[in-house]
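Have a look at the structure below, then the notes.
The values are calculated or read from the model by the stated rules, or taken from the named source; none is laboratory data. Owing to the predicted nature of the structure, the values given are computational and were not obtained by experimental measurement. Please note that ligands, DNA and RNA were not included when accessible areas were found on the heavy atoms of the full protein model with its side chains. Shrake-Rupley method; radii C 1.70, N 1.55, O 1.52, S 1.80 Å.
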Amino acid sequence: VLGGRTVSEARFRQLADRKNELYRASLASLTADHVLPGALVLLEEARGLGLRLAAASASRNAAEVLRRLGLDACFEVLVDGNAGESAMRRSVDGKPAEGRSAERSRTDAGEPDVDATARGGVPLHRFLRAAARLGQAPRNCVVFEDAAGPIAEAGNFGMKTVGLGCPR
């Protein structure tokens, strides 16, 4: 995008903020008509079966996108790009957990330790945070994703995955 040019951190932040402003302006035209065919039916049927649903996105605009698509009510939990590292480093009682370190990154059963962040450990990947907020072990979760990297990450966490879109 920058054609090999380097920019200062301040300029990079300015450009990123401008990009986000343009993206947010483009959301004004987003409606329920933009939901992929069958997506709403799938979400409604899943909820009807008693499945607990979370949306996990790196985007800071995920809540607005879901709202504009009319899908926000389908999800019990949203984990998005607005939860910065400082918000993640809190103990269960909500007090800052600075100076604490995670005792281990995996449970005795070998699964990712979803409580590590509460003890002040490294912030968890959004998929693991979503699983934790649903009270589910990663092995009990299914991730629907349209990008290869996050599909691989979810698989590494022991989650089942469903790839969306055209294979490449």
Per-residue accessible area for ASP33 at 1.4 Å probe radius, Å² rounded to 10? 140
Potential lengthening between GLU44 and GLN14 on full extension [0.36 nm per residue; Cα-Cα distance subtracted]: 6.8 nm
Return the Rg/Rh value of segment 38-78, two decimal places, where both radii are evaluated on C-alpha atoms and Rh is the Kirkwood radius. 0.97
Once ASP72 and ARG133 are pulled to full extension, the length gained, defined as 0.36 nm per residue separation minus their Cα-Cα distance, is 20.3 nm
So how much slack lies between ARG52 and TYR23, counting 0.36 nm per residue of separation and subtracting their Cα-Cα distance, in nm? 7.5 nm
